[in-house]
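*Asks:* Can you keep this structure in mind? I'll have questions shortly.
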Amino acid sequence: MARDQIDMTPLETRDELVAWLEAGCKPKTQWRVGTEHEKFVFTLHDHKPVPYAGHQSIRALLDGMNGLLGWEPIMEGDNIIGMFDVTGGGAISLEPGGQFELSGAPVETVHQTCSELMSHLAQVREVAKPLGIGFLGLGMTPTWSRADMPVMPKGRYKIMTNYMPKVGTRGLDMMYRTCTVQSNLDFSSEADMVKKLRVSLALQPVATALFANSPFTEGRPNGYLSARSEIWRDTDNNRAGMLPFAFEDGMGFERYVDYALDVPMYFIKRGDSYIDASGKSFRDFFAGKLDILPGERPTISDWANHLSTIFPEVRLKRYLEMRGADGGPWRRLPSLSAYWVGIFYDDDALDACWQMVKDWTAQERQKLRDDVPRLGFRAEIRGRNVLTLAQETLRIAARGLARRKRLDRNGRDETRYLRPLEESVARGITPAEELLEKFHGEWGGNVDRIYDEYMY
């Protein structure tokens, strides 16, 4: 997330919390797609992580990007921690270990997402090359230990770093050693939101398999195809997971509000300061009973920021966030948005996917989610493996994109962005298995080769 929300309007009733989410409903003509992607930053000469400060640093990279783009800097104290495009809505931000993130602007087509990505990568290369810095797209750092990772000067991350070991064993790995690509999509109504939430939760393990790209830890195979996804299974289960309640009768904005009220907080921001509220109840805060701010009630900013600290496989804010995919090479990044736009933004495609998943039980969905990080396309549900689900959903998405008829200047529709996924499915192996083939073959067991061959 690029920056915290700033709206100090006080909240008085639960209905206002519901209304905040409901305000995300948009007519189909206003539907957009936003793509976020993170990448590891490394030194070209020795493939080490880049610190925040110094000549060859994250700060130097941000200062250079700020001078190149002229975007509004996002500051925390004296430190630049990101920048925001006040015109287009895009942003650049930092994850805890210095992962460099582009939060793409909401755009109308996947063509525009791809153009935005290509522009961004050209810009960061222009700034990074004189600094001797490169970028790597993977789901988990392939060689660095947790102790190797730098720490970014962001107050919210300091609070999270202290809290994570109390609620799981892998939270610090999630924060400092993983990268994702994410797509954000719209809904027209509460019913449309619920249907899309259910379909995307059920199919999120399929997306995880299609993008599985984190088979190495500290220079060796780790036994998983998506170690990033496995890490999330023991990060903080009070705020992560498959949201089984979303499939129950009565699901809607109110039900998600009730869920979010009971997710423990991380922080409350007042001015430029972060108040540590880790583990405390937002429900108590809403009732004016929070011990660290007695009698004080939350604002819209507090609610929006709290929602941004909930991490299910699909997250509801004023849009739906697809969170199951590993980061990867640039060619695959627009594919995630193409996959979900093809399914979500065509009624027949969404219906077809709902028919596919509607009878799966919560236990079956959970088992699929648990199996995919290790098994990838070989994971099964009701006698069908994920490879066949990937084939079928890709066909559905392609038909949905074709029916959209959003053409680029050369008359091509958005289906071309699915090709990297179709290639993986045709081979029957995930991107992680392609990397493992190279590791055991031409790389001769040397993971360090990945920095040269997979650098952006």
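The values are calculated or read from the model by the stated rules, or taken from the named source; none is laboratory data. Computed from a predicted model, the values in this text were never measured in an experiment. Backbone-built Cβ (ideal geometry, glycine too); neighbour counts: all protein chains shown. For the accessible areas, the whole protein counts, side chains as well, though only heavy atoms, and no ligand, DNA or RNA atoms are used. Shrake-Rupley method; radii C 1.70, N 1.55, O 1.52, S 1.80 Å.
*Asks:* Looking at segment 296-336 only, could you name the residues that are open to solvent by less than 10 Å² (accessible area, probe 1.4 Å) and within 22 Å of L225 (Cβ to Cβ)?
*Replies:* P312, V314, M322, G324, A325, D326, G327, G328, L333, P334, S335, L336
*Asks:* Quick one: count up the residues across segment 278-326 that are small (G, A, S) and without any contact (Cβ under 8 Å) to a residue 24 or more places away in the chain. Outline the logic, then answer.
*Replies:* Going residue by residue through segment 278-326, those that are small (G, A, S) are 278-279, 281, 287-288, 295, 301, 304, 308, 324-325.
Right, trim to without any contact (Cβ under 8 Å) to a residue 24 or more places away in the chain and you get 281, 287-288, 295.
Count: 4.
*Asks:* Here is a follow-up. Limited to segment 356-410, what total is found for residues that are touching a residue at least 60 places away in the same chain (Cβ under 8 Å) and either in contact with a Cys (Cβ under 6 Å, 6 or more places away or on another chain) or among the polar types (S, T, N, Q) (or both)?
*Replies:* 2
Here is a yes/no grid of residues against (1) assigned to a helix (DSSP H, G or I); (2) surrounded by 14 or more Cβ atoms within 10 Å (Cβ to Cβ); (3) at pLDDT 95 or above:
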residue: R374; (1), (2), (3): yes, yes, yes
residue: L401; (1), (2), (3): yes, yes, yes
residue: Y417; (1), (2), (3): yes, yes, yes
residue: L421; (1), (2), (3): yes, yes, yes
residue: A426; (1), (2), (3): yes, no, yes
residue: W443; (1), (2), (3): no, yes, yes
residue: I450; (1), (2), (3): yes, yes, yes
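*Asks:* Which residues, counting only those in segment 29-49, are in a strand (DSSP E or B), of a type outside the set (D, E) and within 30 Å of D347 (Cα to Cα)?
*Replies:* Once the filter is applied, which keeps residues that are in a strand (DSSP E or B), of a type outside the set (D, E) and within 30 Å of D347 (Cα to Cα), segment 29-49 yields V33, G34, T35, H37.
*Asks:* Scan segment 175-188 and tell me whether some residue there is of a type in the set (A, V, I, L, M, F, W, C), within 16 Å of Y266 (Cβ to Cβ), under 17 Å from the mean Cα position of the chain (by Cα) and open to solvent by less than 40 Å² (accessible area, probe 1.4 Å). Even if it seems obvious, please write down each step before you answer.
*Replies:* Applying the first criterion (of a type in the set (A, V, I, L, M, F, W, C)) to segment 175-188 yields 175, 179, 181, 185, 187.
Subset that is within 16 Å of Y266 (Cβ to Cβ): 175.
Then keep just the ones that are under 17 Å from the mean Cα position of the chain (by Cα); that gives 175.
Filter once more, so that each one left must be open to solvent by less than 40 Å² (accessible area, probe 1.4 Å): 175.
Looking through segment 175-188, at least one residue is of a type in the set (A, V, I, L, M, F, W, C), within 16 Å of Y266 (Cβ to Cβ), under 17 Å from the mean Cα position of the chain (by Cα) and open to solvent by less than 40 Å² (accessible area, probe 1.4 Å).
*Asks:* Name the one entry in G97, G90, G82 that is closer than 26 Å to L138 by Cβ, at pLDDT below 95 and under 18 Å from the mean Cα position of the chain (by Cα).
*Replies:* Working: G97 fails: at pLDDT below 95; G82 fails: at pLDDT below 95.
Result: G90 is the single residue among G97, G90, G82 that is closer than 26 Å to L138 by Cβ, at pLDDT below 95 and under 18 Å from the mean Cα position of the chain (by Cα).
*Asks:* Could I ask something else about it? M118 is checked against (1) in contact with a strand residue (DSSP E or B) (Cβ under 9 Å, 6 or more places away or on another chain); (2) within 24 Å of P431 (Cα to Cα) and fails just one. What number does that condition carry?
*Replies:* So M118 meets the others, but not (1).
*Asks:* Okay, moving on. Going by what's in this entry, would S226 be described as among the polar types (S, T, N, Q) and closer than 30 Å to A209 by Cβ?
*Replies:* yes
*Asks:* Suppose we keep only residues that are outside any strand (DSSP E or B) and free of Cβ contacts under 8 Å to residues at least 60 places away in the same chain within segment 68-84. Which one would you say is farthest from G104 (Cα to Cα)?
*Replies:* Taking segment 68-84 as the starting set, the residues that turn out to be outside any strand (DSSP E or B) are 68-71, 77-78.
This time we only want the ones that are free of Cβ contacts under 8 Å to residues at least 60 places away in the same chain, so: 68-71, 78.
Numbers: L68: 17, L69: 14, G70: 16, W71: 14, D78: 25 Å.
Across segment 68-84, the extreme among qualifying residues is D78.
*Asks:* Let me ask something else. Do you know which residues across segment 50-61 are outside any loop (DSSP other than H, G, I, E, B) and in contact with a helix residue (DSSP H, G or I) (Cβ under 9 Å, 6 or more places away or on another chain)?
*Replies:* Initial filter on segment 50-61 (outside any loop (DSSP other than H, G, I, E, B)): 58-61.
Selection gives A60, L61.
*Asks:* With respect to the numbered conditions (1) of a type outside the set (D, E, K, R); (2) within 30 Å of A260 (Cβ to Cβ); (3) under 24 Å from the mean Cα position of the chain (by Cα), which one is the sole condition not fulfilled by V41?
*Replies:* With (1) of a type outside the set (D, E, K, R); (2) within 30 Å of A260 (Cβ to Cβ); (3) under 24 Å from the mean Cα position of the chain (by Cα) applied to V41, the lone miss is (2).
*Asks:* Let me ask another. Taking interchain pairs and intrachain pairs at least six residues apart, which have beta carbon atoms under 8 angstrom, with the first residue in segment 222-234 and under 18 Å from P165 (Cα atoms) and of a type in the set (A, V, I, L, M) and the second open to solvent by less than 60 Å² (accessible area, probe 1.4 Å) and not in a helix (DSSP H, G or I)?
*Replies:* From segment 222-234, the pairs are I231/M140; I231/T178.
*Asks:* When only residues in segment 265-288 that are aromatic (F, W, Y) and either in contact with a Ser or Thr (Cβ under 9 Å, 6 or more places away or on another chain) or in a loop (DSSP other than H, G, I, E, B) (or both) count, which is nearest to G155 (Cα to Cα)? Working first, answer last.
*Replies:* So in segment 265-288, the residues aromatic (F, W, Y) come out as 266-267, 274, 282, 285-286.
Keeping just the survivors that are either in contact with a Ser or Thr (Cβ under 9 Å, 6 or more places away or on another chain) or in a loop (DSSP other than H, G, I, E, B) (or both) gives 266-267.
On the way: Y266: 11, F267: 9 Å.
Only one residue fits best here, namely F267.
*Asks:* Out of the residues in segment 231-264 meeting the condition of being β-branched (V, I, T) and under 17 Å from the mean Cα position of the chain (by Cα), tell me which one is surrounded by the most Cβ atoms within 10 Å (Cβ to Cβ). Talk me through it step by step, then tell me what you get.
*Replies:* Taking segment 231-264 first, the residues β-branched (V, I, T) are 231, 235, 257, 263.
Checking which are under 17 Å from the mean Cα position of the chain (by Cα) leaves us with 231, 235.
Details: I231: 25, T235: 22.
Top of the filtered list is I231.
*Asks:* Looking at R125, R228 in this structure, which one is open to solvent by 20 Å² or more (accessible area, probe 1.4 Å) and among the charged types (D, E, K, R)? Don't jump to the end; show me each part of the working.
*Replies:* On the way: R228 fails: open to solvent by 20 Å² or more (accessible area, probe 1.4 Å).
Going through R125, R228 in turn, just one is open to solvent by 20 Å² or more (accessible area, probe 1.4 Å) and among the charged types (D, E, K, R): R125.
*Asks:* I need the full set of residues from segment 327-355 which are free of Cβ contacts under 8 Å to residues at least 60 places away in the same chain and in a helix (DSSP H, G or I), in order please. It would help to see each step written out before you state the result.
*Replies:* Taking segment 327-355 as the starting set, the residues that turn out to be free of Cβ contacts under 8 Å to residues at least 60 places away in the same chain are 346-349, 351-352, 355.
Across segment 327-355, the qualifying residues are D347, D348, A349, D351, A352, Q355.
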